[in-house]
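Each remark here refers to the structure printed beneath this line.
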Amino acid sequence: MTESAAILSKGEAHEGHHTSIWPFLIGISAAIAFGGLATHLAVTAVGVGLFIFAVGGWLVQDRTVKFGVVDGLIEDFPFRGVSMRKLGIWIFLATEVIFFMGIMGMSFALRVRTEAGLVGANPLWNPDLGVTWAAPGKVLNVPLTAVNTFILIASSFTMVEALHAAQQGNQARIRLFLLATLLLGISFVSIQAYEYQKLFLHEGLRPWGLDPGTFAALHGGEAVPNWWRTYGTTFYVQTGFHGAHVSGGVLGLAFLTAKAFKGGYSQKNHEAIELVGLYWHFVDIVWIFLFTVVYLV
Amino acid sequence: MTETATPAATRRKDAHARPYLQVMVLLAGITGLEILFFTPFPLIPHEFQAISFLLKWQIIVVLMGFAVVKATFVAAYYMHLKYESWWIRYIPLLPLIGVAAIFATFAVV
């Protein structure tokens, strides 16, 4: 306690110095990596390399500079009393809203124009008539994904409980709930990886379509439906970007958990848990809509 | 303005109840309902399913409605938007409404 109080007062004496170049570099490297997807994979490799370097640099800096000991600076009107870092996360999440609305709106707009039946729906609405989309549950494994949905909901709960524990300064509960969130996040990604492998290899669902011969071999001689390639693209774009977000969240959670086990968070210093939590809950919300748009309708 | 934010922020949140577990049960319940009615689980004979009387757009509206309710609960309680000022709520809400309107238009027109 006295130690953290000493660091706190030291931190307050150096206010305004808690800046870091590494988040900026992480952003630049991510942009380079994505740019490579549209140009050349070598560019992506450079971006990923720079990304790993920047994350490493940030981790090293975190060991020496006590970010987060001072819980950020507060804003003036109109965000009076809101910490700068929290405001930054909310603005970041606003851009994420636009991004995910874009890719999900694309899929939704395609889906509602088709006549594929909903499984269990009105039999008069025949799934085999004028199908230009997969009926729900016909290609994708809905029960398995439902399990994943419950996992993500549970992880949101454990995340918010970890924040509550931090607000109360209960070290054991911080560790317990952060670890639980981390494990649930890893489970989610693992199940999705399993699902991807099944779809990719056994169903022949690819982001870029596939040759008729391979499809016929996997589906007992059937011809490739005309909607197959578009369906695969929308599926992998949506779940892939969401999965990448979950994976990023898992990295953040791994960092929080490791730090928590070293006693890195206290009643006075826990804003990082709140910020990663906001991101994690946002990813949960994206999945809520994604589960409906991709799997159920 | 250079002050630390901890005391005010913490006090405000601690003043409210934390129905985290109840929210989780609600989210799981709604998800269960979605799965029960809208996927090929043969838990209810088809002719008794409410879904069999619904048409495509009715099903889409019901399911998206469920998703909106779930998302609202997560944002309100887990992301603490219930206890934030409207200024903070506007940050994610305005792009959400704007882009949703654009894509709803694309979907319908």
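Pairs linking a residue in segment B:84-109 that is more than 8 Å from chain A (Cβ to nearest Cβ) and closer than 17 Å to residue A:78 by Cβ to a residue that is aliphatic (A, V, I, L, M) and in a helix (DSSP H, G or I), with Cβ atoms under 7 Å and 6 or more positions apart or on different chains, are B:89/B:81. Counting only residues that are in contact (Cβ under 8 Å) with a residue 12 or more places away in the chain and exposed (fewer than 15 other Cβ atoms within 10 Å of the Cβ), which one in segment B:55-82 is nearest to residue A:272 (Cα to Cα)? Top of the filtered list is B:82. In segment A:217-241, which residues are over 23 Å from residue A:104 (Cα atoms) and assigned to a helix (DSSP H, G or I)? Matches in segment A:217-241: A:217, A:218.
Just to be sure, is residue A:169 touching a residue at least 60 places away in the same chain (Cβ under 8 Å) and at positive phi? When the stated conditions are applied, residue A:169 passes them.
Of all residues in segment A:191-234 being among the aromatic types (Phe, Trp, Tyr) and under 28 Å from the mean Cα position of the chain (by Cα), which is farthest from residue A:141 (Cα to Cα)? My answer is A:208. Here residue A:158 meets the list (1) at the interface with chain B (Cβ under 10 Å from one of its Cβ atoms); (2) part of a helix (DSSP H, G or I); (3) at pLDDT below 95 almost entirely, failing just condition (3). Condition first: polar (S, T, N, Q), under 20 Å from the mean Cα position of the chain (by Cα) and within 13 Å of another protein chain (Cβ to nearest Cβ). Can you find one or more residues in segment A:268-281 that meet it? No. For segment A:209-216, the condition holds for at least one residue, the condition being that it is loosely packed, with under 14 Cβ neighbours inside 10 Å and not in a helix (DSSP H, G or I).
The values are calculated or read from the model by the stated rules, or taken from the named source; none is laboratory data. Quick caveat: nothing in here was measured; it's all calculated off a predicted structure. Heads up, the Cβs are rebuilt from the backbone with ideal geometry, glycines too, and the neighbour counts pull from every protein chain shown.
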